[in-house]
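Participant: Encoded as structure tokens, here's the structure I'll be asking about.
The values are calculated or read from the model by the stated rules, or taken from the named source; none is laboratory data. The structure presented is a predicted model; accordingly, all values stated were derived computationally and were not measured. Neighbour counts run over all protein chains shown; Cβ positions are idealised from the backbone, glycine included. Surface areas here come from the heavy atoms of the whole protein model, side chains and all, with no ligands, DNA or RNA. Shrake-Rupley method; radii C 1.70, N 1.55, O 1.52, S 1.80 Å.
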Amino acid sequence: MTTYAEFHRRSLTDRDAFWREQAALIDWQQPFETVCDDSNPPFTRWFPGGTTNLCHNAVDRHVAARGEQAALIHVSTETGTERVYSFAELHVEVQRMAAILVGFGVGKGDRVLIYMPMVPEAVFAMLACVRVGAIHSVVFGGFASASLASRIDDAEPTVVISADAGSRSGKVIAYKPLLDEAIATARHKPASVLLVDRGLAAMSRVAERDHDYAALREANLDAQVPCTFVDATHPSYTLYTSGTTGRPKGVQRDTGGYAVALAASMKHVFCGNAGETYFSTSDIGWVVGHSYIVYGPLIAGMATILYEGLPIRPDAGVWWSLVEKYRVSVMFSAPTAVRVLKKHDPAHLRAHDLSSLRALFLAGEPLDEPTASWIAGALGKPVIDNYWQTESGWPILTIAGGVEALPTRFGSPGVPMAGYDVRLVDEATGEDIVEPNRKGIVAIAGPTPPGFMQTVWRDDARFVETYWKSIPGRLLYNTFDWGIRDADGYYFILGRTDDVINVAGHRLGTREIEESISSHPNVAEVAVVGVADPVKGQVAIAFVVARDAAGLGDAGARMRFEGDVMKTVDTRLGALARPARVHLVAALPKTRSGKLLRRALQAVCEGRDPGDLTTIEDPGALQAIRALIGG
Ligand code: AMP
């Protein structure tokens, strides 16, 4: 039996042979010439010359062997609907959607922006895009018009696919007005908009531009659209993620490498087998949704559950009832969701037959010990933490139980996965830290593994500058996470090195939130920091200096102003980014050179020592804030 250490070592030292074997997990139309082209670092090209198609691997190839088996299980506890699509039915629906796209003139390399709630049509849309070689860009439905507009301008989509509304906790959230506003403000105007009408909210239509999905589907019932086989290095999608600037980055992913990485991770990490059911509670707007709601499980021939709703509605047993009903074998969620469930009676869990479930995977934010032990105890199943990023597309650190069931260690997501040459480096010197238990920056030496981001969409320079030039003296990929490694090689993640915060497993840039708050006419200055929260991991807290502070003299006016600032964030970025608190302050703590002392602010909010304040311009500003929040 191979030990995991050997398996991992081989993925790096006998790289081509290793990945050639993994590449056999997917179908190729034409074999690749080269396994890995790393002649132009830090750019890595996997399997160039090989042609394949993501939709073929996720859908078509399963139709013969398991056409009648469930492929997509859609459950909405918001609308009370449940629908199962077999692989054969999914194949038909995807071709109808693909025919509609082709009718709009969409072809290879064109972008399609998908702004949708968790409905089956969103999955048809993603698969239809990659089927015809188009590049999809899914924008999380919780984002509002300014976020959407900036993504429209960057992706320049030919078509936008959207819906009348989403629903959260029984509350209808209309998408169409946000989309119309986004298109109105964006410089780029998509030629066509395809709208799925769920009958939740009224929609106004723009003549010529807006089209009804139901009608076009009806007109394409028997459509046959063959897969466009593309080079393995052809982009399959872009997905925007926050960084330290206000401008989100379009993480660009390839086709062949991604399919191989997902197939390999389904086998070695998630241990999901064809014919079983996978349930990831994420959203298609996030990378977990791309990799482990849509592509990973389907590539592996598994049924995948697409769930719209909360984990506690109608009650905290809803997820476990789905595990029982659909015999889920692998489940994937986030620590935040578990912390929400933890507030409810564990009897909800025990009321269901969970015998089909083998493991629960958690990712997206640090997994704290109480949360991990509570859910492990309640389920009586292994709980496996995994650490990764939008950029990586699949786990960087975890336990590959399909190779060797190494013990898990509380507080650690585990060890580097195949193909990841993870380094821990000294922040100041950039040198590798070899001794155990010393804090450093988590970095990755190239070539990066299959599935890893290719570049920043249309901005190679930004890719190189942002990710590869920030470690002194070395060309290393920077994860922007602090970490330590113990004597046995287990890593522990200690938080971000940049101004990115993690709210309920979702990554948000504090700069983006600050920029949206600054658009409020009465805001002179603002600082947003992430502060520890018992349920969401972190929440955003905003400190605002008003232009006209005199008009905000009484408590009522101040409260209205604070509420107004929150509303500004809601309408520009989305409720997800809304600060938990807005504090009106007279001044912000800054250094003498004018730099905001965010870390000091954050420390004060968390009741910690703000550290070295020798460079502070006005100590009074920080003292006033401490008094304000009662620290
Ligand atoms: P995103 O790109 O939105 O998935 O966010 C990725 C970031 O979330 C990482 O850079 C980490 O800061 C954090 N993160 C993800 N998974 C974990 C984990 N298992 N443990 C600790 N932090 C995590």
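Participant: What is the residue count in segment 354-393 for residues that are part of a loop (DSSP other than H, G, I, E, B), away from the ligand (no atom under 12 Å from the Cβ) and not hydrophobic (A, V, I, L, M, F, W, C)? Explain how you work it out, then say what you get.
Facilitator: Narrowing segment 354-393 to residues part of a loop (DSSP other than H, G, I, E, B): 354-358, 364-368, 380-382, 388-393.
With away from the ligand (no atom under 12 Å from the Cβ) added as a condition, the list becomes 354-358, 380-382.
Now restrict to residues that are not hydrophobic (A, V, I, L, M, F, W, C): 355-356, 358, 380-382.
Matching residues across segment 354-393 total 6.
Condition check ((1) surrounded by 13 or more Cβ atoms within 10 Å (Cβ to Cβ); (2) in contact with a Phe, Trp or Tyr (Cβ under 8 Å, 6 or more places away or on another chain); (3) not hydroxyl-bearing (Ser, Thr, Tyr)) across all residues:
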residue: Val545; (1), (2), (3): yes, no, yes
residue: Val569; (1), (2), (3): yes, no, yes
residue: Gly574; (1), (2), (3): yes, yes, yes
residue: Leu601; (1), (2), (3): yes, yes, yes
residue: Ile616; (1), (2), (3): yes, no, yes
residue: Gly620; (1), (2), (3): no, no, yes
residue: Ile625; (1), (2), (3): yes, yes, yes
residue: Ile629; (1), (2), (3): yes, no, yes
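Participant: How many residues are without any contact (Cβ under 8 Å) to a residue 60 or more places away in the chain and out of contact with any Asp or Glu (no Cβ under 9 Å at 6 or more places or on another chain) if we restrict to segment 358-383? Can you show your working first?
Facilitator: Initially, segment 358-383 is screened for residues without any contact (Cβ under 8 Å) to a residue 60 or more places away in the chain, giving 360, 362, 367-383.
Still in the list and also out of contact with any Asp or Glu (no Cβ under 9 Å at 6 or more places or on another chain): 360, 368-371, 373-383.
Counting residues in segment 358-383 that are without any contact (Cβ under 8 Å) to a residue 60 or more places away in the chain and out of contact with any Asp or Glu (no Cβ under 9 Å at 6 or more places or on another chain) gives 16.
Participant: Condition first: under 30 Å from Ala182 (Cβ atoms) and surrounded by 21 or more Cβ atoms within 10 Å (Cβ to Cβ). Now tell me which residues in segment 579-599 satisfy that.
Facilitator: Pro579, Val582
Participant: Would you check if there is a residue in segment 245-266 being in a loop (DSSP other than H, G, I, E, B), open to solvent by 10 Å² or more (accessible area, probe 1.4 Å) and at pLDDT 95 or above? Talk me through it step by step, then tell me what you get.
Facilitator: Of segment 245-266, the ones in a loop (DSSP other than H, G, I, E, B) are 245-248, 254-255.
Subset that is open to solvent by 10 Å² or more (accessible area, probe 1.4 Å): 245-248.
So of that shortlist, the ones also at pLDDT 95 or above come out as none.
Checked against the condition, which is being in a loop (DSSP other than H, G, I, E, B), open to solvent by 10 Å² or more (accessible area, probe 1.4 Å) and at pLDDT 95 or above, segment 245-266 yields no hits at all.
Participant: Can you name every residue in segment 31-69 that is under 29 Å from the mean Cα position of the chain (by Cα), over 25 Å from Arg458 (Cα atoms) and either outside any helix (DSSP H, G or I) or of a type in the set (S, T, N, Q) (or both)?
Facilitator: Matches in segment 31-69: Asn57, Gln69.
Participant: From the list Lys176, Lys171, Lys249, which residue is in contact with a Leu (Cβ under 8 Å, 6 or more places away or on another chain), within 24 Å of Ala577 (Cα to Cα) and basic (Lys, Arg)?
Facilitator: Numbers: Lys171 fails: in contact with a Leu (Cβ under 8 Å, 6 or more places away or on another chain); Lys249 fails: in contact with a Leu (Cβ under 8 Å, 6 or more places away or on another chain).
When all the criteria are applied, what remains is Lys176.
Participant: Within segment 74-85, can you find the residues that are touching a helix residue (DSSP H, G or I) at 6+ places or on another chain (Cβ under 8 Å) and buried (at least 18 other Cβ atoms within 10 Å of the Cβ)? Break it down into steps so the answer makes sense when it comes.
Facilitator: Of the residues in segment 74-85, the ones touching a helix residue (DSSP H, G or I) at 6+ places or on another chain (Cβ under 8 Å) are 74-75, 77, 83, 85.
Hits for segment 74-85 are His74, Val75, Thr77, Tyr85.
Participant: Of all residues in segment 226-245 being more than 27 Å from Arg507 (Cα to Cα) and among the aliphatic types (A, V, I, L, M), which is farthest from the ligand (Cβ to nearest atom)?
Facilitator: Val230
Participant: Residue by residue through segment 394-413, note down the ones that are within 12 Å of the ligand (Cβ to nearest atom), of a type outside the set (S, T, N, Q), at pLDDT 95 or above and out of contact with any Gly (no Cβ under 9 Å at 6 or more places or on another chain).
Facilitator: Ile396, Pro413
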